[in-house]
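See structure below.
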Amino acid sequence: MQLAKVRGTVVSTQKEPSLRGVKLLLLQLLDENGQLLPDYEVAADSGVGAGVDEWVLVTRGSAARQVFGSSQERPVDATVVAIVDTVTVENQTLYSKKDQYR
Amino acid sequence: MQLAKVRGTVVSTQKEPSLRGVKLLLLQLLDENGQLLPDYEVAADSGVGAGVDEWVLVTRGSAARQVFGSSQERPVDATVVAIVDTVTVENQTLYSKKDQYR
Amino acid sequence: MQLAKVRGTVVSTQKEPSLRGVKLLLLQLLDENGQLLPDYEVAADSGVGAGVDEWVLVTRGSAARQVFGSSQERPVDATVVAIVDTVTVENQTLYSKKDQYR
Amino acid sequence: MQLAKVRGTVVSTQKEPSLRGVKLLLLQLLDENGQLLPDYEVAADSGVGAGVDEWVLVTRGSAARQVFGSSQERPVDATVVAIVDTVTVENQTLYSKKDQYR
Amino acid sequence: MQLAKVRGTVVSTQKEPSLRGVKLLLLQLLDENGQLLPDYEVAADSGVGAGVDEWVLVTRGSAARQVFGSSQERPVDATVVAIVDTVTVENQTLYSKKDQYR
């Protein structure tokens, strides 16, 4: 999985019927120091309810469909699967959601 | 998924039988600011009916086959799954289809 | 899918038994203007019969196995699925097989 | 698979239910000489029990779900599958866990 | 598939049980002219018995598991599927195993 920051949303009315009701978030990927990378991903929100500026984990490939139950026939290749609380590197806190919003 | 702009079409008569009747679009990928990237993708149109210059969402990998029903035996690794109406970043509108064609 | 040009062949006698009889083509990928990229792919020919110098479409990932019928147990991650007739960008012809061999 | 070094952990309470109990490690990828690359991966620990500073093998894509038994419905696209003992290149030892901790 | 050269081996005792008995080779990828690239892959040997310095074909993604029979539950994302005899580009021999070991 990759760390990413929620930047916004993508809205579409003319789309694959199976995408109806799927919220699409615009994520910007983060490097291993928490800096914004030039890479982004438009990802489904699996239901964790991530909001703008939150750090999340995005899963890609066929794993992105594992959150939709046994049918899994949605054409989604990226999904937000977690809102990040803390990232710890070499026993030092790189990111803490609590501090971010203090 | 990635944001892309429809640039044109690819036509082939000598091809895998399962690709007959599948419209192939030439997409150019967009960066997170809506600028054209040097990367492109030849993608199937799942039936959303995207036209030249429209912004679309392209899904890649095994997800690209989820639009073809239960058989899913088409050798397609990229599919257009939505025509984009709006992209919103940090509560500002980055792109609006309505404004584009005003 | 990506556009590619057939450059040659790869031959192997000591290989996975399921690869026997599968023709392996050396493809060089093309950019969106039809220029050769430094990236290549060794791909199976699904039966479209592509020859050296022809432009083809290559599909990658699990899609590459969708051409081998219901068994699909060949360890192939790239397959030529079409010989390209024309590529049209913004209503201009970027490539036409007919003109190429005139 | 790629060689990587365990750098830390990622903790999340608000996440996909199927990720409960899955330990998430922050890995930094290594190049073929054992130097840290700028690329990282947040990977599940399949149960090998890797600790900070250890060299591991990380598997990505659908392979990352093969460690979770027959259900395999976890949305994980990267998993630590081995702790590396030795890496040998051209009959010379590039890395030995024993020497590392001597 | 990509062309690669076998450079060495990776050994691990603490690993996923399903990886027991799977030989892990360190491959360095080759460009389309046969030069070593900075990219490597740790790949399973499917049984073709590749040795150090030999040119091989490596398959990646879910295709890498197609060599392990019907169970296929090994967490492997790269496998050596062939030892290369010859690579021919534009009717010229780029590589011949026979000449290499003459």
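Every number in this text was worked out from the coordinates using simple rules, so none of it is lab data. Note that the structure is a prediction, hence the values are computed from the model and not measured. Cβ sites come from the backbone with ideal geometry, for glycine too, and all protein chains shown count toward neighbours.
Of all DSSP beta bridges located in the protein assembly as shown, what percent are antiparallel, nearest 5? Present the calculation step by step, with values, prior to reporting the outcome.
Numbers: 145 of 155 bridges.
Among the beta bridges of the protein assembly as shown, antiparallel pairing accounts for roughly 95 percent.
Counting Lys and Arg as +1 and Asp and Glu as -1, what is the net charge of the other residues whose Cβ lies under 13 Å from the Cβ of B:LYS23? Spell out each step's value before the answer.
Working: positive: B:LYS15, B:ARG20, B:ARG74; negative: B:ASP45.
Overall, the nearby charge balance is +2.
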Inter-copy separations for A:GLN35, label at 7 Å along Cα-Cβ, nm, ascending: 1.8, 1.8, 2.9, 2.9
Tell me the relative contact order for the stretch E:4-52 as a rounded percent, counting alpha carbon contacts under 8 Å between residues six or more apart. 40
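How much net charge surrounds E:THR13 when only the other residues with a Cβ under 11 Å from the Cβ of E:THR13 are counted, with Lys and Arg +1 and Asp and Glu -1? Please report the intermediate quantities before stating the final value.
Numbers: positive: D:LYS97, E:LYS15, E:ARG20; negative: D:ASP85.
Result for the local shell: +2.
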Between the stretch B:2-62 and the stretch C:32-62, the Cα center-to-center distance that results, in Å: 17
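Taking a 25 Å limit on the Cα-Cα distance, which of the listed pairs B:LYS15/C:LYS97; D:LYS98/E:LYS97; C:LYS15/E:LYS97 fall beyond it?
Details: B:LYS15/C:LYS97 14 Å; D:LYS98/E:LYS97 37 Å; C:LYS15/E:LYS97 14 Å.
Those over the limit are D:LYS98/E:LYS97.
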Note on the protein assembly as shown: alpha-carbon gyration tensor, axes a ≥ b ≥ c; rule is a/c under 1.5 for rounded, else prolate if a/b larger than b/c, else oblate; result oblate
Across the identical copies, how the E:GLY49 labels are spaced - nm, sorted shortest first, 7 Å along Cα→Cβ: 3.8, 3.8, 6.1, 6.1
With one decimal in nm and the nearest listed first, the spacings from C:GLY69 to its own position in the other copies, using label points 7 Å along Cα-to-Cβ, are 2.3, 2.3, 3.7, 3.7
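If r is the Cβ-Cβ distance from A:ASP85 to B:ASP53 and R0 is 25 Å, what FRET efficiency results, to the nearest 0.05? It would help to have the intermediate numbers written out before the result.
Working: r = 43 Å, r/R0 = 1.71.
Efficiency, from the Cβ-Cβ distance: 0.05.
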Among D:THR86, D:THR59, D:THR13, residue whose mean-square fluctuation peaks in a GNM of chain D (springs only between Cα atoms under 10 Å): D:THR13
Across all Cα atoms of the stretch C:41-89, Rg and the largest Cα-Cα distance (Dmax), in Å, are 11.5, 38
Can you list the aspartates and glutamates whose alpha carbon sits under 14 Å from that of C:LYS5, skipping same-chain ones fewer than 8 residues off? C:ASP31, C:GLU32, C:ASP39, C:GLU41, C:ASP45, C:ASP53, C:GLU54, C:ASP85, E:GLU32, E:GLU90
Which stretch or stretches of the stretch D:1-29 have amide N atoms under 14 Å from the point lying 7 Å from A:LEU37's Cα along the Cα→Cβ direction? D:27-29
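What size of dipole, in debye to the nearest 20, comes out for the protein assembly as shown about its Cα centre when the only charges are +1 on Lys and Arg C-beta atoms and -1 on Asp and Glu C-beta atoms?
On the way: 55 positive and 65 negative charges, 247 e Å.
Magnitude of the dipole: close to 1180 debye.
May I ask you to work out the translational diffusion coefficient for the stretch E:9-99 at 37 °C, viscosity 0.692 mPa s, via Stokes-Einstein with Rh from the Kirkwood sum over Cα pairs, reported in whole µm²/s? Numbers along the way, then the final one.
On the way: Rh = 14.3 Å.
Diffusion coefficient, whole number: 229 µm²/s.
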Relative contact order of the stretch E:2-100, please, whole-number percent, based on alpha carbon pairs below 8 angstrom and at least 6 residues apart. 26
